[in-house]
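Worksheet: one structure, shown below.
Values quoted throughout were computed directly from the atomic coordinates according to the rules given, and no laboratory measurement underlies them. All figures in this text were calculated on a predicted structure; none of them were measured in a lab. No Cβ is skipped: glycine too gets one built from the backbone with ideal geometry, and neighbour counts run over all protein chains shown.
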Amino acid sequence: MSPPGLYQIRLARLPEDKPALLGFIMGLQRFEHAIEPDRRVDSDVAEEFYAIITDRIAKKNGCMLIAESSDGQALGWAAACEEDNEIYVHADEKTYGHIAELYVIEEFRGRGIGRALIAACEDWARERGLKVIMIGVLARNPRAHSVYRGEGFADYATLLRKYLR
């Protein structure tokens, strides 16, 4: 998955990797807060979300992956799980893989780590016999949107928002 000696993708080891995961959660919150001010950046959000995502992964046959440098530094993560689509979707595509989280620390972006995490999530989905995998992206994050399209993802649905004031 990665050039030898640069980084590897591995399954997260809990609770050993919890501090790194908390850091990734806060890093993503701060990054997204800059483009979507509704994102929380308070001191409790990482622990709260960590509890939610680990529960979701456990209940929905998921996995958490860590991108790690050759010297053991955690560079990024991805979390993927099974989700069920609406009743009107073909039965063989009703259960799909969902990349719920993807984050690479800023100084290591643009080096293929995010793509390697996506590829590892795709491998996880194939191993489960899933035919479809999805990922979400904020509308104001064109770089991520471009990366995901470059990895073969295509727009599927658009969620629109209106603030009621």
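Structure values in brief
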| quantity | calculated |
| --- | --- |
| Longest segment of the chain lacking chymotrypsin sites (Phe, Trp or Tyr not before Pro) that sit in a DSSP loop with at most 12 other Cβ atoms within 10 Å | 1-87 |
| Percentage relative contact order, the chain, counting C-alpha pairs under 8 Å, at least six apart | 20 percent |
| Cα-derived Rg over Rh, computed across segment 1-52 with Rh taken as Kirkwood radius | 1.09 |
| Label corresponding to mean projected area of the Cα convex hull in nm² when calculated from the structure given, among [x] 10.5; [y] 12.1; [z] 11.0 | [z] |
| Set LYS18/LYS94; LYS18/LYS59; LYS18/LYS162 screened for pairs whose C-alpha atoms are more than 28 Å apart | LYS18/LYS94; LYS18/LYS162 |
| Two-site FRET efficiency, ASP44 against ARG10, from Cβ-Cβ distance with R₀ of 22 Å, rounded to 0.05 | 0.20 |
| Separation of the ARG30 and ILE52 label points, Cα + 7 Å toward Cβ, nm | 2.1 nm |
| Residue-wise HN-Hα coupling along segment 11-17, computed from phi with Karplus coefficients 6.51, -1.76, 1.60 (Hz; x: Gly, Pro) | 5, 5, 10, 9, x, 3, 8 |
| Span-like helix ranges in the chain, DSSP H, alpha carbon extent 18 angstrom or more, Kyte mean at least -1.0 | 18-35, 45-59, 113-127 |
